[in-house]
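Just below is one structure, and these are the notes that go with it.
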Amino acid sequence: MIWNETIECMNREDMRKLQGIRLRRVVEHVYHNSSFYRKKMQELGLTPNDIQTIDDIVKLPFTVKQDLRDNYPFGLMAVPMSEIVRLHASSGTTGKPIVVGYTRKDLSIWAEVVSRCLTAYGFSKNDAVQVSYGYGLFTGGLGLHGGVENIGGTVIPMSSGNTQKQIQLMHDFGAKGLACTPSYALYLAETIRKSGVSLDEFQLRIGVFGAEPWTENMRKELEEKLNIKAYDIYGLTEICGPGVGGECECQNGTHLWEDHFFPEIVDPVTLQPVEPGQQGELVLTTLTKEGMPMIRYRTRDLTTLNYEKCDCGRTAVRMGRIMGRSDDMLIIRGVNVFPSQVESVILEMPEFEAQYLIVVDRVNNTDTFQIQVEVRPEYYTDEMNKLLALKKKIANRIQSVIGLQPDIKIVEPCTIERSMGKAKHVIDNRKLV
Ligand code: DLL
């Protein structure tokens with residue numbers, strides 16, 4: 001089934017025309033209503049008249065995460081705050097989150113694009129979907145929630161955590177769908193297996209997995225362990241949250257809903273477009289957003305685009321798997337973590353040297369997050385209770401900045417290897433290929 005056949009199967013020429021019309025409109029909107037974008041365009045000598053077709057998009061300046069931080073909290077809103085009906089946020093590279101705002105229309109477009117994904121996965125109004133992405137400032141929970149309601153399905157708004165209850169309600173309420181991070185889904189699968197309850201007693205058929213990179217091997221494992229079809233959903237807070245794109249039954253690329261989010265692939269160093277089909281950084285422009293439009297937003301996600309028509313009948317461009325990022329952001333248990341956030345906490349504490357190592361791994365399908373940090377000689381002690389208190393202090397501070405409890409390993413002065421060049425602060429042992 002296709003939720004919006006006219007758009008999802010539109011021929012390329014008509015789609016480019018529509019994208020051109022919408023780009024002109026959004027550029028007019030930001031030029032007149034956002035001093036941030038107006039200034040950036042004026043610096044390049046651009047006025048809205050310079051943007052006539054979708055090809056003109058390359059004239060426009062890029063936007064980056066730093067711009068959102070510099071304008072914290074509401075500096076990038078292009079409508080009065082009285083028009084903003086919802087805020088979401090995600091962690092930035094320092095303690096300050098990045099904030100996005102939605103008008104009523106933005107929320108309805110968000111529900112529309114998530115509906116396209118859910119329909120492509122095979123859901124209809126007859127189905128119950130357990131949403132186990134976090135609810136709150138994170139876009140995962142409420143984003144999926146709006147989509148399930150929009151197609152007339154039944155939402156089970158579980159949010160994340162409380163694994164035993166997740167399993168019980170999934171079973172008792174007959175959920176056909178499970179929406180959560182792929183790593184949490186593996187953990188749920190493992191827990192179900194250990195509980196001894198047969199999968200035959202569940203109605204589960206479809207997984208809606210995203211918010212972190214995953215692989216074909218993980219797909220196979222999830223499909224086998226949960227006896228489901230596992231589909232990708234892609235998105236990021238800055239653009240709207242989940243639903244920027246989703247897979248179809250062909251499981252051969254993530255269709256991006258390009259009538260709302262225009263994708264480009266650029267070389268992350270030169271910022272020039274790559275050859276068609278080549279890997280590069282995904283850049284997205286929101287074509288219809290009112291509250292906080294993003295013009296040529298550098299997602300930092302490395303991927304490819306394929307414009308061939310899909311066997312499902314959709315013409316919407318397909319994005320390959322996210323192969324990595326062009327910045328140092330880590331995604332641990334679905335939470336975005338920047339090493340600089342860890343560093344800023346360590347630097348604020350007199351007890352520690354500015355020497356640390358973040359070690360990430362995946363054990364029993366769950367990401368582990370260890371921080372090794374060097375204590376300063378004057379604070380070094382072999383008294384267990386003092387060390388434990390120090391560990392707790394830094395762990396709590398990091399938890400309050402990042403929202404994730406690290407396992408802290410305090411090491412003796414001068415034990416972390418010093419680097420002659422760029423310091424290596426992260427060891428990521430997760431195998432994602
Ligand atoms: O993770 C939104 C989301 C929620 C997407 C639920 C899908 C499901 P952020 O926290 O802002 O937003 O993180 C966005 O996560 O730039 C990618 O690096 C990564 N990411 C999101 N979806 C996928 C995916 C949400 N399907 C960042 N595959 C993005 C790989 C993904 N990486």
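The values are calculated or read from the model by the stated rules, or taken from the named source; none is laboratory data. Quantities reported herein were computed from a predicted structural model and do not represent experimental measurements. All Cβ positions, glycine included, derive from the backbone under ideal geometry; neighbour counts span all protein chains shown.
Only one entry of LEU271, LEU236 meets the criterion of being near the ligand (Cβ under 9 Å from one of its atoms) and either modelled with pLDDT of 95 or more or more than 13 Å from CYS310 (Cβ to Cβ) (or both), and that entry is LEU236.
For segment 349-396, taking the residues that are basic (Lys, Arg) and surrounded by fewer than 16 Cβ atoms within 10 Å (Cβ to Cβ), the one that is farthest from ARG430 (Cα to Cα) is identified as LYS386. Applying the criterion of being buried (at least 22 other Cβ atoms within 10 Å of the Cβ) and of a type in the set (Gly, Ala, Ser) to the residues of segment 147-188, the residue that is nearest to GLY243 (Cα to Cα) is GLY147.
Using the structure shown, decide if TYR37 is more than 21 Å from GLY136 (Cβ to Cβ), crowded, with 18+ Cβ neighbours inside 10 Å and of a type in the set (Phe, Trp, Tyr).
On the way: more than 21 Å from GLY136 (Cβ to Cβ): yes; crowded, with 18+ Cβ neighbours inside 10 Å: yes; of a type in the set (Phe, Trp, Tyr): yes.
Yes: the conditions hold for TYR37.
On inspection, GLU223 qualifies as surrounded by 14 or more Cβ atoms within 10 Å (Cβ to Cβ), away from the ligand (no atom under 15 Å from the Cβ) and not in a loop (DSSP other than H, G, I, E, B).
May I ask you to list the residues in segment 260-284 that are outside any strand (DSSP E or B) and buried (at least 23 other Cβ atoms within 10 Å of the Cβ)? Passing the criteria: only HIS260.
Given the condition within 21 Å of CYS414 (Cβ to Cβ), without any contact (Cβ under 8 Å) to a residue 24 or more places away in the chain and of a type in the set (S, T, N, Q), answer yes or no: does some residue in segment 379-387 qualify? First the steps, then the outcome.
Taking segment 379-387 as the starting set, the residues that turn out to be within 21 Å of CYS414 (Cβ to Cβ) are 379-383, 386-387.
Remaining after also requiring without any contact (Cβ under 8 Å) to a residue 24 or more places away in the chain: 381-383, 386-387.
Within this subset, residues satisfying the condition of being of a type in the set (S, T, N, Q) are 381.
Yes: one or more hits.
Checked against the criteria, GLY334 does not count as within 16 Å of the ligand (Cβ to nearest atom), surrounded by fewer than 15 Cβ atoms within 10 Å (Cβ to Cβ) and either on the phi > 0 side of the Ramachandran plot or charged (D, E, K, R) (or both).
The residues of segment 163-216 that are within 16 Å of the ligand (Cβ to nearest atom), of a type in the set (Gly, Ala, Ser) and in a loop (DSSP other than H, G, I, E, B) amount to a single one, ALA211.
Go through GLY101, GLY122, GLY141 for me and flag whichever is away from the ligand (no atom under 12 Å from the Cβ) and surrounded by 22 or more Cβ atoms within 10 Å (Cβ to Cβ). Lay out the reasoning, then the answer.
Numbers: GLY122 fails: surrounded by 22 or more Cβ atoms within 10 Å (Cβ to Cβ); GLY141 fails: away from the ligand (no atom under 12 Å from the Cβ).
Answer to the check: GLY101.
The single condition among (1) closer than 12 Å to GLY241 by Cβ; (2) more than 10 Å from the ligand (Cβ to nearest atom) that GLY134 does not meet is (2). Residue selection: GLY152 satisfies the criterion of being in a loop (DSSP other than H, G, I, E, B), in contact with a Lys or Arg (Cβ under 7 Å, 6 or more places away or on another chain), more than 16 Å from the ligand (Cβ to nearest atom) and at pLDDT 95 or above. Taking into account only those residues within segment 302-331 that are part of a strand (DSSP E or B) and free of Cβ contacts under 8 Å to residues at least 60 places away in the same chain, which is nearest to the ligand (Cβ to nearest atom)? The residue in question is ARG325.
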